[in-house]
Amino acid sequence: MQRLPRRTEPCTSRAFLLSLILLSLTTSAVAGTPRVLPEGKLPDDKRLKRLKTLNDYFPLIPPKTPQQWEKRSERVRRQVLVATGLWPMPTKTAANAVIHGKVDREQYTVEKVYLESFPGHFVTGNLYRPKGRSGRLPGVLCPHGHWPNGRFYDRGPEKIRWALVEGRERFEVGGRYVTQARCVQLARMGCVVFHYDMVGYADSRQLEHRPGVREHMNTPENWGYFSPQAVLRMQNMMGLQTYNSIRVLDWFRELPEVDADRIAVTGASGGGTQTFILCATDPRPVVAFPAVMVSTAMQGGCTCENACYLRVDSGNIEIAGLMAPRPLGMTAADDWTKEIATKGLPELKQLYKMLGVEDRVMAKPLVHFKHNYNYVSRAVMYHWMNKHLALGFEEPIVEENYQPLSRQEMSVWNDDHPKPPGGEDYERSLLRWITEDNEKQMAALVPSDQASLVEYRRIVGGAIDVMVGRGAPAPRDVQAAEVTREEMGDWVLEKMLVRHAPKNEELPMIVLRPNDCSRHVVIWVDKLGKQAVFDEQKQPGPAVAKLLAAGVTVVGVDLFGQGEFTTDGRPIAKQRTVHWGDGKEPWMHSAVYTYGYNHSLFAKRVHDLLSVLTFVRSSDPQPDRIDMVGLAGAGHWVAAARAQAGAMIDRVAIDTAGFRFAGIDAADHPDFWPGGAKHLDLPGVLALSAPYPTWLAGEGAAPPPVVMAAYQAAAAREQLTVSDTKEADSHEAAVEWLLK
């Protein structure tokens, strides 16, 4: 437990346990703020260093027990679902699958398929079926990856001869039409195979694969992918492709010849990403083989492989590990996967061994070849499928030559099956359907009784937990340093740095403690940081003075990006962002490259509130009561902190000033929070305060319906106080409520 230096007065030791306040006073000035650090020195905080990118290091820390893995895997799986916009899962509609155009080969047939994942949005591909087999057969899904034209890929005759000479391929046909080769061989081995398109490839042309940020598609209504409005609702290309795979799996399992309990997935490169993401989000595939993709290094360069939150405090090795204890096979090449044998596989081996199935994970390094899914890699996959799908073939399995399909034989669209509409108007209509479906789901989640309140907390609270990314830290992890104090007459000013050691974070904090104080703590958060505690005369502002006069200790903190975190003492106006590659293409500026690997500024400030809360709560002696206040410009931070902290905060006073995440139109806005608008926006977060005491202003005379519903469902309506006080008067009204 944290113990701090004491004076001899009865209230001395309470100074450091008494809360965190950031008061919202419009008359405050930078010059009136006591500094904790010397002038010109910034906090020693890791978050001031460069942002993380997809090319950094992403190791797996293996859990020690099955119980630890059960808890961790639930969290990471939920993170993947939230990141891809599939938490909750969209309403599943009829697939309306059409199968036509059979091509008959001696050992198998190939047909054309299109089905609807969303109404009017089509997934396209080819269905391979073995001939002469009876009973239900194992099935394999084959996403293709980023080969040019995907399913239609033709390497061309001029390049294939080197592949034969170097031993990368056994036959000219297999090397030239590499995406078809594995489908044919798996069908010959008795598997039903579905080879399907990524968005924007082959027959899937309703949307471009990565159109990127487009100003004309960034509108408050009828927006497109990559826009801030889409990101605020977790609408992204990776989510669309993942949902396509889930709907393909739904349809595929229902085919009369497919054994629903023996379905595998394999793809390479971007198709490898689709493979392990599908298996991370869905328990139904029983075998996975993501080739040349899983590593602790580069995590996937395309926007279809990235989503906000996906790899914050995680990475591809851990996400692929969600396959456990199901069999997971991989290959590596002379690319970002080349160190898999020493970085990634040993940790996956530990995980599988801890679960008692060490032989179910494997990675074969084939680093004498560049990035590929060549014959040598495919041979490893055939062995894996033969073993774990119980195909019964004698080893080794040798891929034989075959007659490739022409583009006309593969393409699902023709005069009888015309190509569906696409383009930007279609893109807007698709996102409108997804948005409206989500709104219906959220409306259905509004709680009406205790059981529905539990479900609301599971879905909405589960999403907010991922989006904030952190709960209150352990008391042992938060400490104070460089403590100084000054006598200020009737009160004492203490200055310190609050450090979250495991995260390398450091917060400048001040404590205003009256000489005759109670053990009541108020945490009052301001958009300007700790400077808002004082007026221009360097005296406590009116609201702070009233609290001090009542014996309440006040703490001011500079959250990340405020006060002593900036060179001029003023809050930063924009978040830092990163882009992919040289930044010359619009898609390279997608928000996923920043927020897929880094917490947003909004989340970082909520982290800071939770750190200070833990410090206050765990100090010796402990306070009797800790309140937190966030008025205009800070209410949304406090709402999220309360959602994560729950009963650790006794009471909150929040003035939202009508803030909504949906009103933000730029991905570098300081309050831009991916997903912030998806789960009923700020009211959805506020509802998570039920049943705890809350004073709410900025929403008019009545609270948002979901907030009222949550308190009524919790049988705690009396704990919600709604004020229609004007913003200018909210400080006084909030203090009066706190002091009752």
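The values are calculated or read from the model by the stated rules, or taken from the named source; none is laboratory data. Given the structure is predicted, the values throughout are model-derived calculations rather than measurements. No Cβ is skipped: glycine too gets one built from the backbone with ideal geometry, and neighbour counts run over all protein chains shown.
Numbers at a glance
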quantity: Which listed residue, of Arg262, Arg311, is surrounded by fewer than 23 Cβ atoms within 10 Å (Cβ to Cβ), modelled with pLDDT of 95 or more and outside the structural domain of Val578 (by TED's automatic domain parsing); calculated: Arg262
quantity: Residue identified as β-branched (Val, Ile, Thr) and in contact with a His (Cβ under 7 Å, 6 or more places away or on another chain) among Val533, Val552; calculated: Val552
quantity: Test: residue in the stretch 551-568 that is in contact (Cβ under 8 Å) with a residue 12 or more places away in the chain, out of contact with any Pro (no Cβ under 8 Å at 6 or more places or on another chain) and among the charged types (D, E, K, R); calculated: yes
quantity: Options Met293, Met323, Met330: the member that is in contact with a Cys (Cβ under 7 Å, 6 or more places away or on another chain) and closer than 20 Å to His383 by Cα; calculated: Met323
quantity: Some residue of the stretch 284-302 being assigned to a helix (DSSP H, G or I), surrounded by fewer than 24 Cβ atoms within 10 Å (Cβ to Cβ) and either modelled with pLDDT of 95 or more or small (Gly, Ala, Ser) (or both); calculated: no
quantity: Residues of the stretch 190-202 satisfying the condition of being crowded, with 23+ Cβ neighbours inside 10 Å and aliphatic (A, V, I, L, M); calculated: Val192, Val193, Met198, Ala202
quantity: Members of the stretch 668-707 found to be within 21 Å of Leu81 (Cα to Cα) and either aliphatic (A, V, I, L, M) or without any contact (Cβ under 8 Å) to a residue 12 or more places away in the chain (or both), listed by number; calculated: Ala677, Leu680, Leu682, Val685, Leu688
quantity: Verdict on Arg205 being in a loop (DSSP other than H, G, I, E, B) and surrounded by fewer than 20 Cβ atoms within 10 Å (Cβ to Cβ); calculated: yes
quantity: Strands (runs of 3 or more DSSP E) contained entirely in the stretch 99-183, each with at least 3 residues that are among the charged types (D, E, K, R); calculated: 108-118
quantity: Residue satisfying all of: in the stretch 518-530; in contact with a Pro (Cβ under 9 Å, 6 or more places away or on another chain) and not small (Gly, Ala, Ser); farthest from Gly630 (Cα to Cα) among these; calculated: Arg519
quantity: Matching residues in the stretch 404-424 - criterion: being under 26 Å from Arg170 (Cβ atoms) and either surrounded by fewer than 10 Cβ atoms within 10 Å (Cβ to Cβ) or charged (D, E, K, R) (or both); calculated: Arg407, Glu409
quantity: Boolean, Leu232 is closer than 16 Å to Thr124 by Cα and touching a residue at least 12 places away in the same chain (Cβ under 8 Å); calculated: no
quantity: Pairs where the first residue, in the stretch 165-184, is crowded, with 24+ Cβ neighbours inside 10 Å and the second is among the polar types (S, T, N, Q) and not in a loop (DSSP other than H, G, I, E, B), C-beta under 9 Å, 6+ apart; calculated: Gly174/Gln180; Gly174/Gln185; Gln180/Asn126; Arg182/Thr266; Cys183/Asn126
quantity: All positions within the stretch 496-511 that are basic (Lys, Arg) and either assigned to a strand (DSSP E or B) or modelled with pLDDT under 95 (or both); calculated: Arg499
quantity: Counted residues, the stretch 601-634 - those being modelled with pLDDT of 95 or more and among the polar types (S, T, N, Q); calculated: 2
quantity: Condition check for Lys159: out of contact with any strand residue (DSSP E or B) (no Cβ under 6 Å at 6 or more places or on another chain), surrounded by fewer than 17 Cβ atoms within 10 Å (Cβ to Cβ), assigned by TED's automatic domain parsing to the domain that holds Gly267 and free of Cβ contacts under 8 Å to residues at least 40 places away in the same chain; calculated: yes
quantity: Subset tally (residues that are out of contact with any Leu (no Cβ under 8 Å at 6 or more places or on another chain) and either without any contact (Cβ under 8 Å) to a residue 60 or more places away in the chain or buried (at least 21 other Cβ atoms within 10 Å of the Cβ) (or both)) for the stretch 241-255; calculated: 3
quantity: Residue in the stretch 567-605 that is nearest to Ser518 (Cα to Cα), counting only those that are surrounded by 18 or more Cβ atoms within 10 Å (Cβ to Cβ) and hydroxyl-bearing (Ser, Thr, Tyr); calculated: Ser600
quantity: Any helices (runs of 4 or more DSSP H) falling wholly within the stretch 394-467 and containing at least 2 residues that are under 30 Å from Arg78 (Cβ atoms) and not assigned by TED's automatic domain parsing to the domain that holds Arg642; calculated: 424-445, 450-456
quantity: Residue that is nearest to the chain's Cα centre (by Cα), among those in the stretch 566-610 that are in a helix (DSSP H, G or I) and over 23 Å from Ala639 (Cα atoms); calculated: Val592
quantity: Neighbours by Cβ (under 9 Å, 6+ apart or cross-chain): first from the stretch 708-719, over 12 Å from Leu453 (Cα atoms); second polar (S, T, N, Q); calculated: Gln719/Ser689; Gln719/Thr694
quantity: Yes/no for Val213 being within 22 Å of the chain's Cα centre (by Cα), at pLDDT below 95 and on the phi < 0 side of the Ramachandran plot; calculated: yes
quantity: Qualifying residue in the stretch 374-394 (condition: of a type outside the set (Lys, Arg), surrounded by 15 or more Cβ atoms within 10 Å (Cβ to Cβ), over 30 Å from Ala260 (Cα atoms) and in contact (Cβ under 8 Å) with a residue 12 or more places away in the chain); calculated: no
quantity: Residue satisfying condition, being surrounded by fewer than 13 Cβ atoms within 10 Å (Cβ to Cβ), under 17 Å from the mean Cα position of the chain (by Cα) and within 30 Å of Val248 (Cα to Cα), within set Glu74, Glu70; calculated: Glu74
quantity: Verdict on Arg6 being surrounded by 12 or more Cβ atoms within 10 Å (Cβ to Cβ), outside the structural domain of Ala474 (by TED's automatic domain parsing), out of contact with any strand residue (DSSP E or B) (no Cβ under 8 Å at 6 or more places or on another chain) and modelled with pLDDT under 95; calculated: yes
quantity: Boolean, Arg499 is without any contact (Cβ under 8 Å) to a residue 40 or more places away in the chain, of a type in the set (Lys, Arg), within 30 Å of Tyr309 (Cα to Cα) and crowded, with 16+ Cβ neighbours inside 10 Å; calculated: yes
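A quick yes/no check of all residues on (1) in contact with a helix residue (DSSP H, G or I) (Cβ under 8 Å, 6 or more places away or on another chain); (2) hydrophobic (A, V, I, L, M, F, W, C); (3) modelled with pLDDT of 95 or more:
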residue: Leu348; (1), (2), (3): yes, yes, yes
residue: Leu351; (1), (2), (3): yes, yes, yes
residue: Leu355; (1), (2), (3): yes, yes, yes
residue: Arg360; (1), (2), (3): yes, no, yes
residue: Ala363; (1), (2), (3): yes, yes, yes
residue: Tyr373; (1), (2), (3): yes, no, yes
residue: Leu389; (1), (2), (3): no, yes, yes
residue: Pro404; (1), (2), (3): yes, no, yes
residue: Asn414; (1), (2), (3): no, no, yes
